[in-house]
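Contents: one structure, followed by commentary.
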Amino acid sequence: MAVTLKDVAERAGVSRSAVSRTFTEGASVSAKTRAKVEAAAHALGYSPNALASSLTTGRTKLIGLVSNNFHNPLFLEVFDLFTRGLQDRGLRPLLVNLSHETDPANSVRMLRQYSVDGVIVASSTLPPSFAEAFRDAGVPVVHSFGRYTTSPHVHVVGIDNIACGRMAAEALIARGHRRVAFMGGPEAATSTQDRARGFLDAIAAHPGITASVSYASAYSFEAGRAEMARLLQSDPAEAYFGGDDVLSIGALSAMADKGLRVPQDIGIIGLNDMAMARWENINLTTIRQPIPEIIAASIDLVIGTIERPDRHPETRLFPCRVIERGTLRPVPPGP
C-alpha cells in the first residue's frame, strides 16, 4: 500500500495539516514540527503528491519546453541541459515537439490544458511571434536561441547571429580566401537570415572578395550533404560558412565523396561547437555558441517571470568565439 499523508502524521505525532504545510512551499511550520515530519516521511518512504500539492499552491511546477528541430543532434545536448537544469530547480519539464507546426495557437491551447507555470521556446528558427503568442495568453515565456532585438516583447536569451556571421566572414578573409560562400539553413529561419546578413556585410567591406549564398532545406546532416553536393556540381567557393555545425558536417560528407581534401582543396567553418564537431574524424573549425550559459539564463528568467509576471522583457546575449580545428587552413603569419 502507498504511504499516505495520514501515515506520516500518525508516525510524527502531528496533524495532517502540519504534514501538508511541511511539504507546501512557503507555508508556515515550526522547525521542530518540520524535523519530526521529515524524519517520519524518510522512515516511511513517503513522497508528497505533486498533483495534490498543485491544488493547494496553484502551481504545477510544469515548464513547457517547446522546440521544432528534433533532427539536429545539437538538441540532444540542449534537451539534456534543460531537463536537468529544470529538475535541479524542483521543476518538471513538459517536452513538446513542434516539428511542422505553424500555428502557435495550437501549442498555447495544449500547454494551457496542462496548466504549465511557464514556457521556454527553445528554437532559433521559430519567429518571435511564436513566443509572443504565449505572452498574449498570459503564460510566462522565454525564447531561448531567439532573435536578438533591442526592444523585445518577450524575454530572449541567445547570441547575436549577425555578429556571428561577421565573425565567420572575417575568419575566411584572414586566411586569404577570395571566393567565399554562406551555406545556410532554411531561408525562412531568422537565424539563417541574420547569419547571412552579418556574413555579407563583412564581405562587402572588402573589395575584391566575392561571396555567394545558398540555403539547405533544413538544419540537418542530410540537408547539408544534399546542398553541398549540388554546389560541387558547378564551380564551388574556396571556403564556406556552413551556418550550423550539423549542416557543415553534412557538407564535409559531400566533399569526401568528391575526393576533396579539407582544408587543402576547400575549407569550411560551422557554428555551435556541438559535441560531434569535436570528434577526431570530423575536427570541425566552428564558432562556439555558449549553450550551457544560455540555458542557465533561460531557466533563471522563466522562474523570475513566474514569480513576477509584470517583469519587463529583456534580452540576454552571450558572446561567441572561433574554435580552431582542422577544416580551415591556418591564418598566415604576419609580416
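Here S253 meets each of (1) buried (at least 18 other Cβ atoms within 10 Å of the Cβ); (2) hydroxyl-bearing (S, T, Y); (3) outside the structural domain of G85 (by TED's automatic domain parsing) with one exception, condition (1). Can you tell me which residue in the range 228-250 is farthest from F70 (Cα to Cα), limited to those that are among the polar types (S, T, N, Q) and surrounded by fewer than 18 Cβ atoms within 10 Å (Cβ to Cβ)? Here the residue is S234. How about the range 238-253: which of its residues are of a type outside the set (A, V, I, L, M) and not in a helix (DSSP H, G or I)? Matches in the range 238-253: E238, Y240, F241, G242, G243, D244. From the residues in the range 188-214 that are outside any helix (DSSP H, G or I) and of a type in the set (G, A, S), which one is surrounded by the most Cβ atoms within 10 Å (Cβ to Cβ)? The residue in question is A189. Annotation: L74 fulfils all but one of (1) in contact with a Ser or Thr (Cβ under 9 Å, 6 or more places away or on another chain); (2) surrounded by 14 or more Cβ atoms within 10 Å (Cβ to Cβ); the unmet one is (1). The single condition among (1) in a loop (DSSP other than H, G, I, E, B); (2) closer than 30 Å to T305 by Cβ that A163 does not satisfy is (1).
One line per residue, one yes/no per condition, for (1) over 29 Å from V156 (Cα atoms); (2) of a type in the set (V, I, T); (3) modelled with pLDDT of 95 or more:
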{"site": "G270", "(1), (2), (3)": "no, no, yes"}
{"site": "L284", "(1), (2), (3)": "no, no, yes"}
{"site": "S298", "(1), (2), (3)": "no, no, yes"}
{"site": "R308", "(1), (2), (3)": "no, no, no"}
{"site": "P332", "(1), (2), (3)": "yes, no, no"}
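Looking across the range 234-254, the residues that are over 11 Å from T327 (Cα atoms) and within 19 Å of the chain's Cα centre (by Cα) come down to G242, G243, D244, D245, V246, L247.
If you take the residues in the range 224-235 that are modelled with pLDDT of 95 or more and not basic (K, R), which one is farthest from A196 (Cα to Cα)?
Among those residues, the one meeting the criterion is Q233.
Tell me, please, whether a residue that is assigned to a loop (DSSP other than H, G, I, E, B) and aliphatic (A, V, I, L, M) can be found in the range 173-187. Within the range 173-187 (the criterion being assigned to a loop (DSSP other than H, G, I, E, B) and aliphatic (A, V, I, L, M)), the answer is no, since none of the residues qualifies.
In contact (Cβ under 8 Å) with a residue 12 or more places away in the chain and either under 28 Å from the mean Cα position of the chain (by Cα) or on the phi > 0 side of the Ramachandran plot (or both): is that true of A229 in this structure? No. Answer yes or no as to whether D235 is part of a loop (DSSP other than H, G, I, E, B), of a type in the set (D, E), touching a Gly at 6+ places or on another chain (Cβ under 9 Å) and more than 23 Å from R288 (Cα to Cα). Spelling it out, it is not the case that D235 is part of a loop (DSSP other than H, G, I, E, B), of a type in the set (D, E), touching a Gly at 6+ places or on another chain (Cβ under 9 Å) and more than 23 Å from R288 (Cα to Cα). Of all the residues in the range 46-91, those that are acidic (D, E) and either at pLDDT below 80 or within 14 Å of the chain's Cα centre (by Cα) (or both) number 2. The numbered conditions (1) closer than 28 Å to R147 by Cα; (2) touching a helix residue (DSSP H, G or I) at 6+ places or on another chain (Cβ under 8 Å); (3) touching a residue at least 40 places away in the same chain (Cβ under 8 Å); (4) in a loop (DSSP other than H, G, I, E, B) are all true for S217 except (3). Evaluated against (1) more than 15 Å from the chain's Cα centre (by Cα); (2) closer than 28 Å to T192 by Cα, S144 falls short on exactly one condition, (1). Looking only at residues of the range 125-155 that are at pLDDT below 90 and among the hydroxyl-bearing types (S, T, Y), we find that the one that is surrounded by the most Cβ atoms within 10 Å (Cβ to Cβ) is T125.
The values are calculated or read from the model by the stated rules, or taken from the named source; none is laboratory data. Model, not experiment: these values are computed from the prediction. Ideal geometry is used to build each Cβ from the backbone, glycine not excepted, and the neighbour counts take in all protein chains shown.
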